[in-house]
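Chemist: Could you have a look at this structure, given as structure tokens, before my questions?
Nothing in this text is a laboratory measurement; each read-out follows from the coordinates by a stated rule. Worth saying up front: this structure is predicted, and the values here are computed from it rather than measured. Backbone-built Cβ (ideal geometry, glycine too); neighbour counts: all protein chains shown.
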Amino acid sequence: MKPLNRVIVLLQFLLITLSVSAQGLSWTEVAPGVWKAVAGKPEAYNLLTAADVTPNKTALARLEKAPFPLLREEIKVRFQDGKTYLRLPLDRTEQLYGFGLNFQTVHQRGKILQLHVDHYGKSDNGRTHAPVPFYVSSKGYGVLINSARYLDIYAGSAVRKDSKNPPELKDRNTDKTWSARPYSDAVEVLIPAAGLEFYVFAGPSPLDAVRRFNLFNGGGTLPPRWGLGFTQRVHRLYTAEQVLGEAREFEEKGYPLDFIGLEPGWQSKSYPCTFEWDKGRFPEPERFVRELLSKGVRINLWTNPYVSPEASIYPEIAPFTASHTVWVGAVPDLSMPRAREVLFSKFEQDHVRIGVSGYKIDEVDGYDSYLWPDVATFPSGHSAEQMRQTYGLLVQKHTFDLFRKNNTRTYGLVRASNAGGSSFPYVIYNDNYSHEDFITALINSGYSGVLWTPEVRASKTGEEWLRRMQTVCFSPMAMINAWSSGTRPWSFPEVAEQVKQMAQLRMQMMPYWYTEFAKYHYQGTPPFRSMNLEAGFGQEARKEKNSASLEENPYEEAVTREVKDQYMAGEYLLVAPLFTGQSTRKVILPKGRWYDFYTGTFVGNGEVISVTADLDKIPVFVKDGGIIPLMAPRLHAPKAGERVDMEIRHYGQKNGKYLLYDDDGETFDYEKGRYSWREIKVERQPDGQWKGTLAVAEPGKPNSVGTVSWRFMTQ
Ligand code: GAL
């Protein structure tokens, strides 16, 4: 070798060594199948410190063992201008999902996003209620960037000169396949901080990666049984008498109701808030709450956290609030223990102690026009940006703690969340009110450890009312949010009966919903999730067409087919909603035999079917061997210890097996082992008949099952 060449080789060697050490990534397997990497000087305050939850390592250890899913040397970091650049590799056929609560798209590969807590503004640009910096790959792994900063994400959109797998060079003059979006083999992230902590979650399947993510965040939430019942929100200026009257009407008309939500007018002043009952509308709050409770109906309170200068807690909390106000209300620095103590002891005293069941915590997401600006300061020293990214987590965590102290579960609503929030008993909602977007959000929620409700507010027609009601009954919270419209389930007489049946079906399915939520909690499996997480469903980002007519629009993007209007609900159900004006739609069935939920008849196997459904039915399909436990129809969730009769349904030709979850449904005693999983089996007998069995209840364990009857749906 010539001396000059030797020098070059030596230089190359040095460069490689330097880039490895310049990466400065230190890796630790922090839980089975979960690796943490630290680069530079990560900030002490991040999403996981704000959420402050403990990973469920026992449950993580029960998942299939999996090796580190990427090539470590292909993960790179770089520091410049006090910022950190992170790069992760992508394969040619890989699709990406997640990056928070998106409303219009499921496939995220090729996206440029700025993850930023905000009210969704009709574009999937990263500004959303839960911009969770976690993505899942179709190859079966997940990545979480644990930073409370606004993050710039290039999710396979930017092409590097040093790409290992570069796109083909094409000539636009003559080549019809030229694309304005050439293939990129990297996810690149810009973190505006001098260091970073991030996590890699192993599969082997994409669903396993999601499970690990949820379990690492403490496991999914387990709502109280009543949380899965029906809920109505009433006009903001309703009085106690009017609320009681509303509950009475539900009862008399035979519509289920488990909790009623009060909107701003329960407070003496709102926007900004006093957190105090209005003496005129609610002269005796405790009596009011207890009276409803005695009728099996709970109360949920709307609030935002912005403190009115006229609130009794104002003088005490003022020193612990931000430099800027929201609607002239002080913004508590909820990262400070003292601010939390002052605010939440008010909640405890005035609400939780008298039996209020939960909150709807509004407006912690934005819009920019009213939220604290990024130039605001907080007494803890955390920046306005960090507070914005974590405020939703903070309000959830610390209100949840109030109920936990009381050994009473809660289930409420919140408008912002982030990574780390899987175990918080809150469902996200917004004001966008597009039925289609609401379903896509429901699908995406399952990738991010959050829950979403496609709430029903008002409708132009009975058809729309019923169609929306159907999807809300197949979601984490069956809610009518009638605060401004005053609509009630029976408001459209032409569909009032169908709406009632739908709401009753929601109630009947409670044992199934409850068990599926228990799987979210104990196993990390999201109860409502994308078809892409279902085995036997094509994962690839199939390029459908690149219609780019170069004359008309040279930059037109290639269209990839994504499924954003059908989803999985629990282990066995595939839900394919119909929207107003539709009576027929296509449904993509994963491999395996599928059956109609209502009749048990076979509908198809790994194929695209066209379904026509009457107005009173939402198309729902059951996997072969599916078991759905139902309880007798009723207006309120069963109370702790109450036994209810069950009808257990079996679908298809395969034998079936299901583990039915049980506990008291109201307290945290399940954390002390007071729960059970009882095996349900349905097997074909030698004479061709089906036979079902339910394992006997373990002595001393909760048992809410009364008499069981069996229904073999497929003949
Ligand atoms: C909105 C919220 C609505 C309702 C309303 C009350 O911000 O999204 O659901 O609660 O405030 O003022």
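Chemist: Measure off 7 Å from each Cα along the Cα-to-Cβ vector at Trp27 and Lys295, then give the distance between these two points in nanometres to one decimal.
Modeler: With each label point 7 Å from Cα toward Cβ, the separation is 6.0 nm.
Chemist: Tally Lys/Arg at +1 and Asp/Glu at -1 over every other residue whose Cβ is under 15 Å from the Cβ of Ala632; what's the total?
Modeler: Result for the local shell: +4.
Chemist: Quick one: which of Lys41/Lys111; Lys460/Lys623; Lys122/Lys253; Lys360/Lys460; Lys83/Lys269 span more than 32 angstrom between C-alpha atoms?
Modeler: Flagged as over cut-off: Lys460/Lys623; Lys122/Lys253; Lys83/Lys269.
Chemist: Helix-derived [θ] at 222 nm for the chain: sum -39500 (n - 2.57) over DSSP H runs of at least 4, divide by residue count, nearest 500?
Modeler: About -6500 deg cm²/dmol.
Chemist: Can you pull out the chymotrypsin sites (Phe, Trp or Tyr not before Pro) in the range 363-468 whose DSSP state is coil and whose Cβ has at most 10 other Cβ atoms within 10 Å?
Modeler: none
Chemist: Based on the Cβ-Cβ distance of Ala632 and Gln523, what FRET efficiency does E = 1/(1 + (r/R0)^6) give at R0 = 22 Å, to the nearest 0.05?
Modeler: 0.20
Chemist: Can you pull the percent of Cα pairs in the chain with separation above 52 Å?
Modeler: Of all Cα-Cα distances in the chain, 12 percent exceed 52 Å.
Chemist: Please report the antiparallel percentage of the DSSP beta bridges confined to the chain, to the nearest 5.
Modeler: 75
Chemist: Of Lys36/Lys164; Lys65/Lys654; Lys639/Lys672; Lys586/Lys654; Lys65/Lys591, which ones are farther than 22 Å apart at the Cα?
Modeler: Pairs exceeding 22 Å: Lys36/Lys164; Lys65/Lys654; Lys586/Lys654; Lys65/Lys591.
Chemist: Could I ask something else about it? Please enumerate, by chain and number, the aspartates and glutamates with C-alpha under 19 Å from the C-alpha of Lys57, excluding those fewer than 8 residues away in the same chain.
Modeler: Glu29, Asp208, Glu671
Chemist: With each pseudo-label sitting 7 Å past Cα toward Cβ, what's the Asp91-Ala318 distance in nm, one decimal?
Modeler: So the two model labels end up 6.2 nm from each other.
Chemist: Right, something else. What does the charge count near Phe602 come to, summing +1 for each Lys or Arg and -1 for each Asp or Glu among other residues with Cβ under 14 Å from its Cβ?
Modeler: Overall, the nearby charge balance is 0.
Chemist: Another question, if that's okay. Report the full-extension gain for the segment Ser123 to Lys176: residue separation times 0.36 nm, less the Cα-Cα distance, to one decimal in nm.
Modeler: Full-extension gain reported as 16.1 nm.
Chemist: Determine the distance separating the Cα centre of the range 110-135 from the Cα centre of the range 51-94; give it in Å without decimals.
Modeler: 20
Chemist: Output the direction-averaged projected area (hull surface divided by four) of the convex hull of the alpha-carbon atoms of the range 148-258, in nm².
Modeler: Computing the convex hull of the Cα atoms and averaging its projections yields 16.1 nm².
Chemist: Classify the range 48-135 as rounded, prolate or oblate from the Cα gyration tensor: take a ≥ b ≥ c as the square roots of its eigenvalues, call it rounded if a/c is under 1.5, otherwise prolate when a/b beats b/c and oblate if not.
Modeler: rounded
Chemist: Here is a follow-up. Would you tally the net charge around Pro309, using a Cβ to Cβ cut-off of less than 13 Å, leaving Pro309 out, and scoring K and R as +1, D and E as -1?
Modeler: Net charge in that neighbourhood comes out at -1.
Chemist: Here is a follow-up. Which of the trypsin sites (Lys or Arg not before Pro) found in the range 114-153 are loop residues per DSSP with 16 or fewer other Cβ atoms within 10 Å of their Cβ?
Modeler: Filter output for the range 114-153: Lys122.
Chemist: Rounding to the nearest 20 debye, state how big the charge dipole of the chain is about its Cα centre with +1 on each Lys and Arg Cβ and -1 on each Asp and Glu Cβ.
Modeler: In total the dipole reaches around 1540 debye.
Chemist: Treat the count of other C-beta atoms within 10 Å as a stand-in for reagent exposure and order Ile112, Ile680, Ile428 from fewest to most.
Modeler: Final ranking by Cβ density, sparse to dense: Ile112, Ile680, Ile428.
Chemist: With unit charges on the beta carbons (Lys and Arg positive, Asp and Glu negative) and the dipole taken about the Cα centre of the range 273-332, which residue among Trp277, Val328, Ile313 sits farthest to the positive side?
Modeler: Trp277
Chemist: What longest range of the chain stays clear of loop-exposed GluC sites (Glu not before Pro) (DSSP non-H/G/I/E/B, at most 15 other C-beta within 10 angstrom)?
Modeler: 311-539
Chemist: Quick one: length gained pulling Ile609 to Gln653 fully straight, 0.36 nm per residue minus the C-alpha distance?
Modeler: Between Ile609 and Gln653, full extension yields 13.9 nm more.
Chemist: Stretched out fully, how many nm does the piece from Leu190 to Arg561 gain, at 0.36 nm a residue minus the Cα gap?
Modeler: Length gained between Leu190 and Arg561: 130.7 nm.
Chemist: Additional query: Roughly what would the spin-label model give for Val696 and Leu237, points 7 Å off Cα along C-beta, in nm?
Modeler: Here the modelled spin labels are 6.2 nm apart.
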